[in-house]
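Undergrad: Input: one structure, supplied below.
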Amino acid sequence: DAGVTQSPTHLIKTRGQQVTLRCSPKSGHDTVSWYQQALGQGPQFIFQYYEEEERQRGNFPDRFSGHQFPNYSSELNVNALLLGDSALYLCASSLAVHGNQPQHFGDGTRLSIL
Amino acid sequence: GESVGLHLPTLSVQEGDNSIINCAYSNSASDYFIWYKQESGKGPQFIIDIRSNMDKRQGQRVTVLLNKTVKHLSLQIAATQPGDSAVYFCAENGISFQKLVFGTGTRLLVSP
């Protein structure tokens, strides 16, 4: 049973460029959330996708956008990259049922901006 | 706003000791809490969760305690092993949606 998978594992970009990160949720999960984790800090919620729509958004600018596909996989897009966007980007998946349940994380994409 | 914080940034213990990692949360309306373990180069790994209608929950070698009166959460690890060395995060899950609010984490160092 495959867990959450993310690609690529590492990426180097320069300021002003655009980047797309990809995530496949754990088998059976239908909800995908994205988090940004700066070095030495806890993950910060970016947004969540369910039924191919953005359901909730954290305090991130519009340069951060996403998409969810019919097979529940998801992409995170970041435009006009800034040095401060350097971080580990984590994807987490879960099943949208009533009541809370743990999210399962992938190992992330390490994005470095030069 | 919501925030989840930790009291100790680094905890050093000897192998075989019991470890206690603490966490304070600020949103009294929070009703679900999770502990994650993050090893270097890996994503957060689920350890144990607890709902606000419980005070204590036990897993294998781990126990989570919830004190809603003082908005405090703790993770107890029995017979700590070198493999337990990692950064531990507590997280609060929003009531309506599955948004996790993390603290900055506590690094647990286990010496043999």
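The values are calculated or read from the model by the stated rules, or taken from the named source; none is laboratory data. On a predicted model such as this, the values are computed, not experimentally measured, just so you know. FYI the Cβ positions are ideal-geometry reconstructions off the backbone, even for glycines, and counts take in every protein chain you see. Surface accessibility is based on the protein's heavy atoms, side chains included, excluding ligands, DNA and RNA. Shrake-Rupley method; radii C 1.70, N 1.55, O 1.52, S 1.80 Å.
Undergrad: Find the sum over both chains of the accessible area lost when A and B are paired, probe 1.4 Å, and report it in Å² to the nearest 100.
TA: 1800 Å²
Undergrad: Please report the antiparallel percentage of the DSSP beta bridges confined to the protein assembly as shown, to the nearest 5.
TA: 90 percent
Undergrad: Still on this structure: Carbon-plus-sulfur fraction of the accessible area of the protein assembly as shown, 1.4 Å probe, in percent?
TA: Using a 1.4 Å probe with all protein chains present, the protein assembly as shown comes out at 48 percent carbon and sulfur.
Undergrad: Using a 10 angstrom cutoff on alpha carbons, build the Gaussian network for chain B and name the most mobile of B:GLY83, B:GLY41, B:GLY16.
TA: In the Gaussian network model the winner is B:GLY41.
Undergrad: Heavy-atom accessible area per residue, the protein assembly as shown, 1.4 Å probe: how many Å²?
TA: 48 Å²
Undergrad: Need one number: nm distance between label points at A:LEU114 and A:ALA38, each 7 Å from Cα along Cα→Cβ, rounded to one decimal.
TA: A separation of 2.3 nm, rounded to one decimal place.
Undergrad: Note every residue of the range A:66-114 with a reduction of at least 40 square angstrom in accessible area, all protein chains present versus the isolated chain, computed with a 1.4 Å probe, or write none.
TA: Residues meeting the cut-off: A:ASN100, A:PRO102, A:GLN103, A:PHE105, A:ASP107.
Undergrad: Starting from one equal scatterer on each C-alpha and no solvent at all, send me the Debye-based log10 I(q)/I(0) for the protein assembly as shown at q = 0.09 Å⁻¹, two decimals.
TA: -0.36
Undergrad: If you don't mind, another one. Keeping all protein chains in the complex and leaving out DNA, RNA and ligands, what accessible area do you get for A:TYR49 with a 1.4 Å probe, in Å² to the nearest 10?
TA: 10 Å²
Undergrad: Using Cα springs under 10 Å in a Gaussian network model of chain B, which residue among B:SER30, B:SER40, B:SER19 shows the largest mean-square fluctuation?
TA: Greatest mean-square fluctuation among the candidates belongs to B:SER40.
Undergrad: A further question on this structure: When only Cα pairs under 8 Å and 6 or more residues apart are kept, what is the percent relative contact order across chain B?
TA: 37 percent
Undergrad: Can I ask one more? If contacts are Cα pairs under 8 angstrom and at least 6 residues apart, what is the relative contact order of chain A in percent?
TA: Answer for chain A is 37 percent.
Undergrad: Also: Could you give the length gained by full extension between B:GLN60 and B:THR104, i.e. 0.36 nm per residue of separation minus their alpha carbon distance, to one decimal place?
TA: Residue separation times 0.36 nm, minus the Cα-Cα distance, leaves 13.4 nm.
Undergrad: In whole Hz, what ³J(HN,Hα) sequence does the range B:25-31 give by Karplus (6.51, -1.76, 1.60; θ = phi - 60°), x for Gly and Pro?
TA: Coupling constants for the range B:25-31: 10, 10, 8, 5, 8, 4, 10 Hz.
Undergrad: Right, something else. Give the long-range amide H neighbours of B:ILE48: residues separated by 5 or more places, or on another chain, with amide H under 5 Å away, using H modelled in the peptide plane at 1.01 Å from N.
TA: B:TRP35
Undergrad: Ranked from the most accessible area to the least, with a 1.4 Å probe and all protein chains present, what is the order of A:THR14, B:THR63?
TA: So the residues, ranked largest to smallest area, are A:THR14, B:THR63.
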